[in-house]
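Okay, structure first, notes after.
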Amino acid sequence: MSDHSPSKEMESKETAHAYAPEEDVEQGDPGIVNHASPLARKLKGRHMQMIAIGGAIGAGLFVGSGSALSTGGPASLVLGYIIVGSMLLCTVNALGELAVMYPVNGAFYTYIVRFVDPSLGFAVGWDYAIGWLTVLPFELTAASITIGFWRPDLNVAIWISVFLVLLTVIQIFGVRGYGEVEFVLSIIKCAGCVGFIILGVVIDCGGTGPQGYIGAKYWHNPGAFNNGFKGFCSVFVVAAFAFGGTELVGLAAAEAENPRKSLPQATKQVFWRITFFYVVSLFILGLIVPYTNQNLLNSTGANSKYSPFVIAINLAGIKVLPSIFNSIITISVISVANSCTYGSTRTMQALAERGMAPKFLAYVDSKGRPIWGVLLQLAFGCLAYIGESGNAGTVFNWLLALSGLSDFFIWGSICLAHIRFRAAWKAQGHVKGELPFEAMFGVLGSWYGLLLNILCMIATFYVALFPLGGTPNANDFFSYYLAAPVILALYFGYKVYEGRWGKWWVSASEMDITSGRRSITLDEDYVAPVKTWKNAPIRAIRALF
């Protein structure tokens, strides 16, 4: 009989407090057919936290939110980001639980292969890798276009070359280079968001600018919503692009120095990023920029001079800040380009280890760098020079269409992997107390995340089939939904290749829940904390800090 007090029980939770720590030992994975040198574990806690807080903040927030404001209105903008953000909060928590227990190469791709179905894992892995491969040339071009804010006379090819060389130099330093660059750039991006929120409050209260006191005037005239339900649905596509890359914190677990300590803290930071940097900043934005502003119609891609944040500053008549904020947008785009290289190379290396990609991609050098994957990604970066052609816009639109729907597909698959893992964990005689980190909302959160991902894909389908201001046509449909046939082709193609038609998922009793697992032993005196309404506030605070 334990003599634990209620407070001590709360302190034990389902965290490292409940365990007697042992050696950091991994079990061999029988699914790996092409063995390679290990990746370098050089990401520190500060790197992980900044990747989680600011890693995904980029042009999707600073520029793309303008088109969402224009088509949906300020209320649709905030509600859409809250819905996608809440779904992503559950998704990242589910990923965090799996990544702390299994900080293995490929992260969620590996979990889906082992806990759901290899064919689905193959589709997720390649869809994710292709997404980052094709986004890199766009981001390089986007970063070059932002320079045109100051020097429109210079050819974008000059800056594409500069940024491509910069990315190449970063790769020389391996994962440590990626971590340090993201740490610095994320701090700058976060500072920019905080600065804008403060400035937005001042503008709204009439502290500066010719508008005087604004308050909630633009929510009444021209209004809170635009284009009705269809306008609301259109926000989800932009929100997915803005939140894309949040899952990188799970992918980085395999190269973290101490994932058991740094990953739970990084996972908790996602809540604050979603709440503060996205929801609050966009709410302020909707207060000070009317959705009828004509410049918002150009808020796409990397047109940073039409960023709604820059528009808000210009409307207030402030002269210097537009240039400063454009530099923040440039930095954010470079940061996303850096993430492209990391996300694709690590996923391709994990695919190759399992025989789902060419064997040479599995190679990792003595410094822990997947060299061939890096070279392939940088080669795709050269596609940015297509920007010099007359049809550059068309080419980039179709390249981006390959990754347009993939975020919802990948996030939904992560939630499904967590649901299946918990089923196997229970079926094979384990208890939640053995988990070094438990998702904030448990399995219910993953069901919520899975359902919302499906609903977001349905909403995207609706907007793709019936575009705003137009009639159904194949061009608009596939510009939104091109990723769907690609994903289906990958999934069923691998089914045919492997001859797995008779087996659509891995059963809970047969699931491999030991390979790659950290060696953790449950303390004999451990008593699971009782969850009551009385201690709910304390549990909520500890889940977020």
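The values are calculated or read from the model by the stated rules, or taken from the named source; none is laboratory data. It should be emphasised that the depicted structure is a prediction, and the values quoted were computed from it without experimental measurement. For neighbour counting, all protein chains shown are included, and Cβ atoms are generated from backbone atoms with ideal geometry for every residue, glycine included.
Table: residues versus (1) within 19 Å of the chain's Cα centre (by Cα); (2) in contact (Cβ under 8 Å) with a residue 40 or more places away in the chain; (3) closer than 30 Å to Leu455 by Cα.
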| position | (1), (2), (3) |
| --- | --- |
| Thr347 | yes, yes, yes |
| Gly355 | no, yes, no |
| Ser366 | no, yes, no |
| Leu376 | no, yes, no |
| Trp398 | no, yes, yes |
Looking at Ile160, Ile130, which one is modelled with pLDDT of 90 or more, outside any loop (DSSP other than H, G, I, E, B), of a type in the set (Val, Ile, Thr) and more than 30 Å from Val33 (Cα to Cα)? Ile160
Filter the range 355-391 down to the residues that are aromatic (Phe, Trp, Tyr) and over 23 Å from Phe163 (Cα atoms) and list them by number. Phe360, Tyr363
Any idea which of Leu451, Leu444, Leu468 is within 20 Å of the chain's Cα centre (by Cα), surrounded by fewer than 17 Cβ atoms within 10 Å (Cβ to Cβ) and at negative phi? Leu451
For Gly209, only one of the following conditions fails: (1) surrounded by 13 or more Cβ atoms within 10 Å (Cβ to Cβ); (2) in a helix (DSSP H, G or I). What is its number? (2)
Which ones in the range 167-199 are under 12 Å from Tyr342 (Cβ atoms) and polar (S, T, N, Q)? Gln171
Please go through the range 454-489 and pick out each residue that is outside any helix (DSSP H, G or I) and either in contact with an Asp or Glu (Cβ under 7 Å, 6 or more places away or on another chain) or of a type in the set (S, T, N, Q) (or both). Pro467, Gly470, Thr471, Asn473
Search result, residues across the range 281-310 that are assigned to a helix (DSSP H, G or I) and surrounded by fewer than 18 Cβ atoms within 10 Å (Cβ to Cβ): Phe283, Gln294, Leu297, Asn298
Go through the residues of the range 425-437 one by one and say whether even a single one is over 23 Å from Ile513 (Cβ atoms) and at pLDDT 85 or above. no
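If I go through the range 420-441 residue by residue, how many of them are part of a helix (DSSP H, G or I), surrounded by fewer than 19 Cβ atoms within 10 Å (Cβ to Cβ) and out of contact with any Leu (no Cβ under 7 Å at 6 or more places or on another chain)?
4
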Reported set for the range 213-261 where residues are in contact with a strand residue (DSSP E or B) (Cβ under 9 Å, 6 or more places away or on another chain), surrounded by 24 or more Cβ atoms within 10 Å (Cβ to Cβ) and outside any helix (DSSP H, G or I) is Ala256
Any idea which of Val104, Val113, Val135 is touching a residue at least 40 places away in the same chain (Cβ under 8 Å) and in a loop (DSSP other than H, G, I, E, B)? Val104
Yes or no: the range 148-170 includes at least one residue that is under 21 Å from the mean Cα position of the chain (by Cα) and more than 20 Å from Pro370 (Cβ to Cβ). no
If you go through the range 1-45, how many residues are at pLDDT 65 or above, within 15 Å of Glu255 (Cα to Cα) and exposed (fewer than 15 other Cβ atoms within 10 Å of the Cβ)? 2
How many residues of the range 328-380 are farther than 15 Å from Ile172 by Cβ, basic (Lys, Arg) and surrounded by fewer than 24 Cβ atoms within 10 Å (Cβ to Cβ)? The answer is 2
Please determine whether any residue of the range 138-147 is modelled with pLDDT of 85 or more, among the hydrophobic types (A, V, I, L, M, F, W, C) and outside any helix (DSSP H, G or I). no
Would it be correct to say that Leu69 is surrounded by fewer than 24 Cβ atoms within 10 Å (Cβ to Cβ), at pLDDT 90 or above and assigned to a helix (DSSP H, G or I)? no
Exactly one of Ile324, Ile318, Ile334, Ile313 is in a loop (DSSP other than H, G, I, E, B) and β-branched (Val, Ile, Thr), and that residue is Ile318
Give the residues of the range 161-199 that are within 27 Å of Asp365 (Cβ to Cβ), touching a residue at least 60 places away in the same chain (Cβ under 8 Å) and either of a type in the set (A, V, I, L, M) or touching a Ser or Thr at 6+ places or on another chain (Cβ under 6 Å) (or both), sorted by residue number. Leu164, Leu166, Leu167, Ile170, Val175, Val181, Leu185
